[in-house]
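> Handing you a structure now.
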Amino acid sequence: MADVVFFDLDGTLVDHRSAVLETIGQIVQTAPNATAPPEELVTLWWTLEARHMREYLTGQYSFAEHHRRRLRSFLPMLGEPVPDDPALLDAWIAERYLTVFEKSWRCYPDVQPCLETLKRLPRGPRLAVLTNGDPDQQRAKLARFGLLEYFEAILTPTELGAAKPAAYAAACRRMQTDPAQAVNVGDMLSSDVNAAALAGLTGIWLDRGIDFVTGGPSPTADDTVLRIERLTDLPDHLSPTNA
């Protein structure tokens, strides 16, 4: 049995992609001066999120500033002026984006049954969330769905001083476990599975049938990858012969 199981959050426990697309879809549908069709604006927002999130994770600027930079690029396409005052950008994000986004969060239905099964296992593994997201926002998601109680730790770049994939070693140190005794579960084949394996952990790919970044079909994995389609399949992969 593994000592620690790390869970990714967005795309693994909570449907982040659908929440973003639903939120921006509502915003662009009510933008009378938009300079592009709604579907193009939704795609643009998703592209900007990926770009500026990567820059935030490399430490180039704060989480709030990553939102501001995204908005400075997006507002002209929405047909709206770009305020010079950062406080006005923050207010736009809080009032027009986050209020809708937070209402759009959805927990996948296989999450709580999986966690309940793991909690009942004799000498079962300790559980932690390992996410690149903002700590306050990620804890709020877990609290919304009553999931905080299952996890010994919620680990983000703020706590660890590094984002995935560099965070795997730091996460193991924080949990006082050997990487060889740790499992990482996530929906991103490259960053959650392959990178975890390079760090000495066992990576398990949760293939939900969609590529988180593109929205297209899932990538193709080689036969060595441990793959599940539902989190409820995870406990069977945590025996000493499988992990």
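> Under a 1.4 Å probe, what is the accessible area of the chain per residue, stated in Å²?
So the chain comes to 47 Å² accessible per residue, rounded to a whole number.
> Heavy-atom accessible area of Arg106 with all protein chains present, probe 1.4 Å, nearest 10 Å²?
We get 120 Å² for Arg106.
> Keeping the other protein chains in place, figure out the carbon and sulfur percent of the accessible area of the chain, with a 1.4 Å probe.
Working: 5940 of 11370 Å².
With neighbouring chains kept in place, the figure for the chain is 52 percent.
> Right, something else. Could you name the aspartates and glutamates whose alpha carbon sits less than 18 Å from that of Lys103, not counting residues in the same chain fewer than 8 places away?
Qualifying aspartates and glutamates at Cα under 18 Å: Asp10, Asp15, Glu22, Glu95, Asp134, Asp136.
> Same structure again: Can you tell which of Ala162, Ala221, Ala153 shows the greatest fluctuation in a Gaussian network model of the chain with Cα springs below 10 Å?
Ala221
> Ok, one more. Nearest 20 debye, what's the magnitude of the dipole of the chain about its Cα centre given +1 on Lys and Arg Cβ and -1 on Asp and Glu Cβ? Present the calculation step by step, with values, prior to reporting the outcome.
Details: 23 positive and 33 negative charges, 78 e Å.
Once rounded to the nearest 20, the dipole reads 380 debye.
> Which distance in nm do the two modelled labels at Phe145 and Ala180 give, with both placed 7 Å along the Cα-to-Cβ direction?
With each label point 7 Å from Cα toward Cβ, the separation is 3.4 nm.
> So what is the 222 nm mean residue ellipticity for the chain from helices alone, if each DSSP H run of at least 4 adds -39500 (n - 2.57) and you divide by all residues, rounding to the nearest 500 deg cm²/dmol?
Calculated from helices alone, the mean residue ellipticity at 222 nm is -12000 deg cm²/dmol.
> Under the 0.36 nm per residue contour assumption, what length would be gained going from the current alpha-carbon distance of Thr224 and Arg72 to full extension?
Full extension of this stretch gives 50.4 nm more.
> Does the stretch 56-178 classify as rounded, prolate or oblate by the C-alpha gyration tensor (a ≥ b ≥ c root eigenvalues; a/c under 1.5 gives rounded; else a/b over b/c gives prolate, otherwise oblate)? Please report the intermediate quantities before stating the final value.
On the way: a/c = 3.55, a/b = 1.78, b/c = 2.00.
Since a/c reaches 1.5 but b/c is at least a/b, the shape of the stretch 56-178 is classed as oblate.
> Related question: Which GluC sites (Glu not before Pro) from the stretch 133-182 combine a DSSP loop assignment with at most 14 other Cβ atoms within 10 Å?
Taking the stretch 133-182 and a limit of 14 other Cβ atoms within 10 Å, the loop GluC sites (Glu not before Pro) found are Glu152.
> Another question, if that's okay. What do you get for chymotrypsin sites (Phe, Trp or Tyr not before Pro) in the stretch 60-145 restricted to DSSP loop and a cutoff of at most 15 other Cβ within 10 Å of the site's Cβ?
For chymotrypsin sites (Phe, Trp or Tyr not before Pro) across the stretch 60-145 that sit outside H, G, I, E and B with at most 15 neighbouring Cβ atoms in 10 Å, the list reads Tyr61, Phe145.
The values are calculated or read from the model by the stated rules, or taken from the named source; none is laboratory data. These numbers were taken from a predicted model, which means no experiment stands behind them. All Cβ positions, even for glycine, are placed from backbone atoms using ideal geometry, and neighbour counts span all protein chains on display. Heavy atoms of the whole protein, side chains included, go into the accessibility calculation; ligands, DNA and RNA do not. Shrake-Rupley method; radii C 1.70, N 1.55, O 1.52, S 1.80 Å.
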